[in-house]
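Asks: What follows is a single structure, and I will ask about it in a moment.
The values are calculated or read from the model by the stated rules, or taken from the named source; none is laboratory data. Just so it is clear, the structure is predicted and the values come from calculations on it, not from any experiment. Don't worry about glycine lacking a Cβ; one is built from the backbone with ideal geometry, like all the others, and counts go over all protein chains shown.
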Amino acid sequence: MASPTARNGLLDPKQWVKSTPAAFRKLDPRVMWRNPVMFIVEIGAAFTTVLAAVDPSVFAWTITVWLWLTVLFANAAEAIAEGRGKAQADSLRKAKTDTVARKLADQDPRIESPRAATIEVPAPELKRGDYVLVEAGQTIPGDGDVVTGIASVDESAITGESAPVIRESGGDRCAVMGGTKVLSDWIVVEITAEPGKSFLDRMIALVEGSERRKTPNEIALNILLAAMTIIFVLAVVTMQPVAIFSKDYMAAAPNTAVLNQDGVTGIVLISLLVCLIPTTIGALLSAIGIAGMDRLVQRNVLAMSGRAVEAAGDVDTLLLDKTGTVTYGNRRASAFLAVPGIAGSHLADAAQLSSLADETPEGRSIVVYAKEGYGLRERDTGELAHAEWIEFAAQTRMSGVDLAEHGSVHRIRKGAAAAVIEWVKTQDGDPDPRVDELVDQVSREGGTPLVVAEHRDGESARVLGVIYLKDVVKDGMAERFSRLRAMGIRTVMVTGDNPRTAKAIAAEAGVDDFLAEAKPEDKMALIKREQESGRMVAMTGDGTNDAPALAAADVGVAMNTGTSAAKEAGNMVDLDSDPTKLIEIVAIGKQLLMTRGALTTFSIANDIAKYFAIIPAIFAVIYPGLDALNIMRLASPESAIVSAVVFNAIIIIALVPLALKGVAYKPGSASSLLRRNLLVYGLGGIITPFIGIKLIDLVVALIPGMA
Amino acid sequence: MGGITIDATGALLVAAMVAALALSYKPLGDYMYRVVTREHHGTSFSGRVERGVYRAIGVRPSAEQHWSGYARSVLAFSAVSIVVLYLFQRVQGRLPLDNGFAGLEPGLAWNTAVSFTTNTNWQAYSGESAMGILIQASGLAVQNFVSAAVGIAVAVVLVRGFARKATDKLGNFWVDLTRIVLWILLPISFVAAIVLVAGGVVQNLTDFTTTANDQTITGGLVASQEAIKNLGTNGGGYYNANAAHPFENPTTWTNFLIVYLLLVIPFSLPRTFGRIVRDNRQGFAIVSVMGVIALISTALVIGFEKIGAGTVPQAVGAAMEGKEVRFGIPDSGLFAAATTLTSTGSVNSFHDSYTSFGGGVLLLNMMLGEVAPGGVGAGLYGLLVLAVITVFIAGLMVGRTPEYLGKKIGAREIKLASLYFLVTPALLLVGVAASIAVPSNLHAMQEAGPHGLSEMLYAFASASNNNGSAFAGFGANTPWFNTALGLCMMFGRFLPIILVLALAGSLAKQTPVPATAGTFPTHKPLFVGMVVGVTIVLVALTFLPVLALGPVAEGLQ
């Protein structure tokens, strides 16, 4: 769903052209007012226009044009950032075709077939609590939960993922979104969103930036910028009487376009002011914020507010669900541990037989392991004509097979240790006590033990051994966690496993802490505890019982596959439903803050060079000694001032790609980040304008009337 | 001449001062920490004395105040101080020990009352020809104690704001005031006064002392006032010549002691700060910022005076105009740098006569906002506000909401810090611009052109930053300047205090964020360098235009 230009992160000249009308529209003072720094520049530009019209000169008009360009560049930067969101909003809007909903006539969702009586209602008129019927080929008219039926749904219009997903009533996969399409079967959906407030509506508003509010850090930064602007207004305004006094003292000094008996000329005063106030960061601040949201959208994450993105940068503790985040979703067989006296191949054979009909990933992995580890060919269930497959049941906690061989029955069972041992006992068997040691050993190492047993007619049942099911930690997780640790972020793994298993997996994955046998309320308590000690917490979740914790967390990322309660509670939604993305979200939040800080530092550091350009340009006429401050040896007072103003405008364009892309971010400690950024943007901010202004001056000096 | 060079004496002198201050840093800082954080214990001598005071002024010592209550107490106390001191001066003629002086006229009395209450000690009068012994010792000296104590108390409140957690209680002003006066300022002044007497400073109750060559010179309780005037970074001299007067500052070693006194509390308070926030490294970082700026500044002043551009200075080897021969360049330069860096304003040489760059550095010292190390208390809170601004600008660069000592620097904090930072530049610049635009005011300048501008800049920098020293040539005793400078002193003192207390209130409310590897480190040399940089760059950016037309233009002629 990302637009092509946004994806490659480079700036296309076409974007500048496209944003030009918007840049002019934003000149409206009622719009500019919201950005005090650029508003001052606009007032200054208007004022110099009047001055230049009254007393025209090449110098006056050059300054005037570049002051207007400064404002336009700032507006264009914002327009470009917004433009990228608009492209995405347009593609989303296509999904929002006006559908006609089939509202159930008697508003009772418990229907048996799709032939129930319905009333046709335009989708925008649906209210919360209405029940609608959607059949294959129809578009779901609004956000809601499936209350009856099961269907496969194509959500590509919103998530960009083409594989259909299953949505069914009950459980954690009941949420459907308006604008998505039912591919097969039929469902009854209870509408949960008010008209105009659907997920799709909110998404469009978000990517367009129409609901953009300033975030806490942005507000604070704006206050600082406003204060600095006031200081520089004071510095420049109060300079005038002092300049008049100095000019009177050195009355013999000639009047110039820069300074005469009435003091510094208006155009020069405004030029100095514009150069000193933090225009670089002032121009790019809102573009940085919009681009930060946009970077999330490109990763298929929707933040409900800029505040949430900013909070992501501040996160101290990450709560990560073990399954799907730390480990692959399923366990895999990694060893067969036979009870002494039983041949390994015998155990492998039994394990394979008992798993042939088991289509769960665990079952498949046992068959695969038997083949890889013991060379057992995978048998087809059809080969075993007289087999009776026992499916796993929650009550028995076992699965297996009964094979009829030559009149007698060979029963094989695998399952939870306690259940299988109990089964052996009921079949008059005497389970080998050494199996307990094997079970313990597997649990201790963080695995899940499955006990395999057999019983032949006429013999007593016996335990064969243990299948070691292992939680496989995702590749590279340990390294990611250690990078997070370097950034000062603590990772806590949350799992329903027992403490022993949890501990082993936590150690292997390299997380800092774990919460075992976690119930939703434990998660909630952990969040509260962390927050009370001043930490900020991020988590992911999808189930309805995650909703309170998602709401309490500072950053709550709901999975798109989750319930609408979860999506409502969190402040971000991941359309890919990838819990690992939390780590990227944190990085994006940090990058957003870093970009603001770096450009602020750069902007302030720039002022030093501008003083060295402008102060001698204005006053060397009356005090020739001050020419010693003209260390850039700029050609003339006029060219010095024009060069400073031009540099000030051009640097905005030059930094737009950085503002949109964000500063380079490598996870590391605060000290290392600071050293690097201070060097690049602090020292760089001092040096760059000296070079830039000098280079511009070399060109400007060629203009007639400037040298 | 032979013997030891100015460079070597200067280096030795500065090194000796640094050593003396370094030795005091820990014991004095720790002692002040104990004084301001002590629980109310009952039976000890100090406890009984304090309780007596609280009973007398009707204060319940355990009742802690909200920041606004604390601010009201500070303002009320200061308002009463101004009124009392004003009346005291008006009725001087009817009181004993008046040395025959009449009451002061209203304008002057008002200016002096404001000046001493705001810890400025701008003196529009000459001590020996206007103020009798009684008013010097029990009017002016009392303000020297309590105005200094107010500064320390406000700084302590800001530090409590950082250290405390989720509360709106920031201490009790009356308790802080009492303790700081009784257990910090009084004992040190007492000892210092005795040592000064031993060094030859006058301390008597006779109206006149006759010297050998038939001169009559006023005597009085000079040593006791000299001690607190410097210890409390007040600066108001007993005599008009201030510490250049041999009765106030007879020898080079009393000179050394005086400079030590005016630096010792401001340089030790960061230790107290570190103790209260339970991280001594933070205090060390702050004192390092102060030290770096102070050393650069002192070296520049001594250096510029030694080089002394101009015919006469070149001929005699240094710029000696306006300096006492018994002190010479290093002792005068160190004193001048110290007194302008600390908002003290006492002088042992005349700053108007300094070289244009040397005088420019003294001017810049005050423009820095009196933070290196600044006035007692005021320097610490000023520097902490600058640290907050530094943390905010640079802290974003580590990708987190900026935090200092675990407290987040959000919109409210940055608003208060920015306003703090706006006050003195606004007063200074608007004051100078408005004054220079009125032609009649130009007569106050002793000289025209850049030097005259420097004189006026100096006067407003001194008043707005509560320093109190003057470029001697400037004739400030006109209704315009008495009013304008008086307003600068008032607003320059109390607006920042209110903002600092509000900031403390806002910080104390927060629950601290625990430090992690992702936290912006505020105790390392990098941070020290950044605060130094931000302090100098922000001040330079604000004042460069006027400085360019004043000392810089004069120096580059």
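Asks: Given (1) within 13 Å of chain A (Cβ to nearest Cβ); (2) surrounded by fewer than 24 Cβ atoms within 10 Å (Cβ to Cβ), identify the lone condition not met by B:Leu549.
Replies: So the condition that B:Leu549 fails would be (2).
Asks: Could you list, in sequence order, all residues of the stretch A:90-108 that are surrounded by fewer than 18 Cβ atoms within 10 Å (Cβ to Cβ) and under 19 Å from A:Thr180 (Cβ atoms)?
Replies: Answer for the stretch A:90-108, where residues must be surrounded by fewer than 18 Cβ atoms within 10 Å (Cβ to Cβ) and under 19 Å from A:Thr180 (Cβ atoms): A:Asp90, A:Ser91, A:Arg93, A:Lys94, A:Thr97, A:Asp98, A:Val100.
Asks: State whether the residues of the stretch B:464-473 include one that is part of a helix (DSSP H, G or I) and within 27 Å of the chain's Cα centre (by Cα).
Replies: Yes, the stretch B:464-473 has at least one match.
Asks: Moving to a separate point now. Within the stretch A:110-125, does at least one residue satisfy the condition of being touching a residue at least 40 places away in the same chain (Cβ under 8 Å), in contact with a helix residue (DSSP H, G or I) (Cβ under 6 Å, 6 or more places away or on another chain) and surrounded by 17 or more Cβ atoms within 10 Å (Cβ to Cβ)?
Replies: no
Asks: For the stretch B:274-305, what are the residues that are of a type in the set (D, E, K, R), farther than 15 Å from B:Asp7 by Cα and assigned to a helix (DSSP H, G or I)? Before you say what the answer is, go through the steps one by one.
Replies: Step one: of the stretch B:274-305, the residues of a type in the set (D, E, K, R) are B:275, B:278-279, B:281, B:305.
Of the ones still in play, those that are also farther than 15 Å from B:Asp7 by Cα are B:275, B:278-279, B:281.
Of everything in the stretch B:274-305, those that are of a type in the set (D, E, K, R), farther than 15 Å from B:Asp7 by Cα and assigned to a helix (DSSP H, G or I) turn out to be B:Arg275, B:Arg281.
Asks: Something else: When you check B:Ala338 against the structure, is it buried (at least 22 other Cβ atoms within 10 Å of the Cβ) and under 17 Å from the mean Cα position of the chain (by Cα), yes or no?
Replies: So B:Ala338 fits the description; yes.
Asks: Taking strands (runs of 3 or more DSSP E) that fall entirely within the stretch A:399-485, which contain at least 1 residues that are over 19 Å from A:Ala350 (Cα atoms) and not β-branched (Val, Ile, Thr)?
Replies: In the stretch A:399-485, A:462-473 are the strands (runs of 3 or more DSSP E) which contain 1 or more residues that are over 19 Å from A:Ala350 (Cα atoms) and not β-branched (Val, Ile, Thr).
Asks: I've got another one for you. Can you pull out the helices (runs of 4 or more DSSP H) entirely within the stretch A:10-75 that have at least 3 residues that are in contact (Cβ under 8 Å) with a residue 60 or more places away in the chain? Spell out how you get there, then give the answer.
Replies: Numbers: elements: A:13-25, A:29-32, A:36-54.
Those helices (runs of 4 or more DSSP H) span A:13-25, A:36-54.
Asks: Looking only at the stretch A:624-637, count every residue that is more than 8 Å from chain B (Cβ to nearest Cβ) and within 17 Å of A:Ala253 (Cβ to Cβ) and tell me the total.
Replies: Residues meeting the conditions: 5.
Asks: Something else now. Of the residues B:Phe101, B:Phe77, only one is hydrophobic (A, V, I, L, M, F, W, C), surrounded by 14 or more Cβ atoms within 10 Å (Cβ to Cβ) and free of Cβ contacts under 8 Å to residues at least 40 places away in the same chain; which?
Replies: Unique residue meeting the criteria: B:Phe101.
Asks: For A:Val621, state whether it is more than 9 Å from chain B (Cβ to nearest Cβ), among the β-branched types (Val, Ile, Thr) and under 46 Å from the mean Cα position of the chain (by Cα).
Replies: It is false that A:Val621 is more than 9 Å from chain B (Cβ to nearest Cβ), among the β-branched types (Val, Ile, Thr) and under 46 Å from the mean Cα position of the chain (by Cα).
Asks: If you don't mind, another one. Being β-branched (Val, Ile, Thr) and in a helix (DSSP H, G or I) narrows it down to one residue among B:Val59, B:Val83; which is it?
Replies: B:Val83
Asks: Separate question: Identify, please: which residue in the stretch A:488-497 is at pLDDT 80 or above and in a loop (DSSP other than H, G, I, E, B) and is, among those, nearest to the other protein chains (Cβ to nearest Cβ)?
Replies: Initial filter on the stretch A:488-497 (at pLDDT 80 or above): A:488-495.
So of that shortlist, the ones also in a loop (DSSP other than H, G, I, E, B) come out as A:488-489, A:495.
Details: A:Gly488: 3, A:Ile489: 6, A:Thr495: 24 Å.
So, considering only residues that are at pLDDT 80 or above and in a loop (DSSP other than H, G, I, E, B), the one nearest to the other protein chains (Cβ to nearest Cβ) is A:Gly488.
Asks: Please go through the stretch B:452-472 and pick out each residue that is more than 10 Å from chain A (Cβ to nearest Cβ), surrounded by 19 or more Cβ atoms within 10 Å (Cβ to Cβ) and of a type outside the set (S, T, N, Q).
Replies: Taking the stretch B:452-472 first, the residues more than 10 Å from chain A (Cβ to nearest Cβ) are B:454-455, B:458-472.
Filter again for surrounded by 19 or more Cβ atoms within 10 Å (Cβ to Cβ), leaving B:454-455, B:458-471.
Result: B:Glu455, B:Tyr458, B:Ala459, B:Phe460, B:Ala461, B:Ala463, B:Gly468, B:Ala470, B:Phe471.
Asks: So which residues in the stretch B:306-329 are outside any loop (DSSP other than H, G, I, E, B), surrounded by fewer than 24 Cβ atoms within 10 Å (Cβ to Cβ) and either touching a strand residue (DSSP E or B) at 6+ places or on another chain (Cβ under 9 Å) or touching a residue at least 60 places away in the same chain (Cβ under 8 Å) (or both), if there are any at all?
Replies: Narrowing the stretch B:306-329 to residues outside any loop (DSSP other than H, G, I, E, B): B:306-307, B:311-316, B:323, B:328-329.
From what's left, surrounded by fewer than 24 Cβ atoms within 10 Å (Cβ to Cβ): B:306-307, B:311-316, B:323, B:328.
Matches in the stretch B:306-329: B:Lys306, B:Lys323, B:Gly328.
Asks: Being facing chain A (nearest Cβ under 7 Å) and of a type outside the set (Val, Ile, Thr) is the filter; apply it to the stretch B:537-546 and report the residue that is surrounded by the fewest Cβ atoms within 10 Å (Cβ to Cβ).
Replies: Residue satisfying both the conditions and the ranking: B:Leu541.
Asks: Pairs under 7 Å by beta carbon, first residue in a strand (DSSP E or B) in the stretch A:362-391, partner surrounded by 14 or more Cβ atoms within 10 Å (Cβ to Cβ) and among the hydroxyl-bearing types (Ser, Thr, Tyr), six or more apart or different chains?
Replies: A:Ile390/A:Ser399
Per-residue answers, yes or no, for (1) on the phi > 0 side of the Ramachandran plot; (2) in a helix (DSSP H, G or I); (3) free of Cβ contacts under 8 Å to residues at least 60 places away in the same chain:
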{"site": "B:Leu429", "(1), (2), (3)": "no, yes, no"}
{"site": "B:Ser435", "(1), (2), (3)": "no, yes, yes"}
{"site": "B:Ser454", "(1), (2), (3)": "no, yes, no"}
{"site": "B:Phe460", "(1), (2), (3)": "no, yes, yes"}
{"site": "B:Asn477", "(1), (2), (3)": "no, no, no"}
{"site": "B:Leu485", "(1), (2), (3)": "no, yes, no"}
{"site": "B:Met489", "(1), (2), (3)": "no, yes, no"}
{"site": "B:Leu499", "(1), (2), (3)": "no, yes, no"}
{"site": "B:Thr522", "(1), (2), (3)": "no, no, no"}
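Asks: If you check A:Val236 against the conditions, is it surrounded by 17 or more Cβ atoms within 10 Å (Cβ to Cβ) and in contact (Cβ under 8 Å) with a residue 40 or more places away in the chain?
Replies: Yes: the conditions hold for A:Val236.
Every residue, every condition in (1) of a type in the set (Ser, Thr, Tyr); (2) in a helix (DSSP H, G or I); (3) without any contact (Cβ under 8 Å) to a residue 24 or more places away in the chain, yes or no:
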| position | (1), (2), (3) |
| --- | --- |
| B:Val513 | no, no, no |
| B:Thr519 | yes, no, no |
| B:Leu538 | no, yes, no |
| B:Phe543 | no, yes, no |
| B:Ala553 | no, yes, no |
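Asks: Within 11 Å of chain A (Cβ to nearest Cβ) and buried (at least 24 other Cβ atoms within 10 Å of the Cβ): is that true of B:Leu383 in this structure?
Replies: no
Asks: Any residue at all in the stretch A:286-293 that's within 26 Å of A:Val645 (Cα to Cα), over 26 Å from the mean Cα position of the chain (by Cα) and either within 14 Å of another protein chain (Cβ to nearest Cβ) or in a helix (DSSP H, G or I) (or both)?
Replies: no
Asks: So B:Leu405 fits all but one of (1) aliphatic (A, V, I, L, M); (2) over 25 Å from the mean Cα position of the chain (by Cα); (3) at the interface with chain A (Cβ under 9 Å from one of its Cβ atoms); (4) buried (at least 22 other Cβ atoms within 10 Å of the Cβ); what number is the exception?
Replies: Every condition holds for B:Leu405 apart from (3).
Asks: Quick one: B:Val391 ticks every box in (1) more than 8 Å from every other protein chain (Cβ to nearest Cβ); (2) farther than 19 Å from B:Tyr125 by Cβ; (3) crowded, with 24+ Cβ neighbours inside 10 Å; (4) touching a helix residue (DSSP H, G or I) at 6+ places or on another chain (Cβ under 7 Å) bar one, so which box is it?
Replies: Against the list (1) more than 8 Å from every other protein chain (Cβ to nearest Cβ); (2) farther than 19 Å from B:Tyr125 by Cβ; (3) crowded, with 24+ Cβ neighbours inside 10 Å; (4) touching a helix residue (DSSP H, G or I) at 6+ places or on another chain (Cβ under 7 Å), B:Val391 comes up short only on (4).
Asks: Would you check if there is a residue in the stretch B:63-80 being out of contact with any Leu (no Cβ under 8 Å at 6 or more places or on another chain) and under 17 Å from B:Asn234 (Cβ atoms)? Steps first, please.
Replies: Let us first name the residues in the stretch B:63-80 that are out of contact with any Leu (no Cβ under 8 Å at 6 or more places or on another chain), namely B:63, B:69, B:72-73, B:75-76, B:78-80.
Keeping just the survivors that are under 17 Å from B:Asn234 (Cβ atoms) gives B:78.
Checked the stretch B:63-80: at least one residue is out of contact with any Leu (no Cβ under 8 Å at 6 or more places or on another chain) and under 17 Å from B:Asn234 (Cβ atoms).
Asks: Next question. Here are some residues: A:Ala569, A:Ala565, A:Ala507. Which one is surrounded by fewer than 24 Cβ atoms within 10 Å (Cβ to Cβ), under 30 Å from A:Glu445 (Cβ atoms) and hydrophobic (A, V, I, L, M, F, W, C)?
Replies: Numbers: A:Ala569 fails: under 30 Å from A:Glu445 (Cβ atoms); A:Ala565 fails: under 30 Å from A:Glu445 (Cβ atoms).
Step by step, each of A:Ala569, A:Ala565, A:Ala507 is checked, and only A:Ala507 is surrounded by fewer than 24 Cβ atoms within 10 Å (Cβ to Cβ), under 30 Å from A:Glu445 (Cβ atoms) and hydrophobic (A, V, I, L, M, F, W, C).
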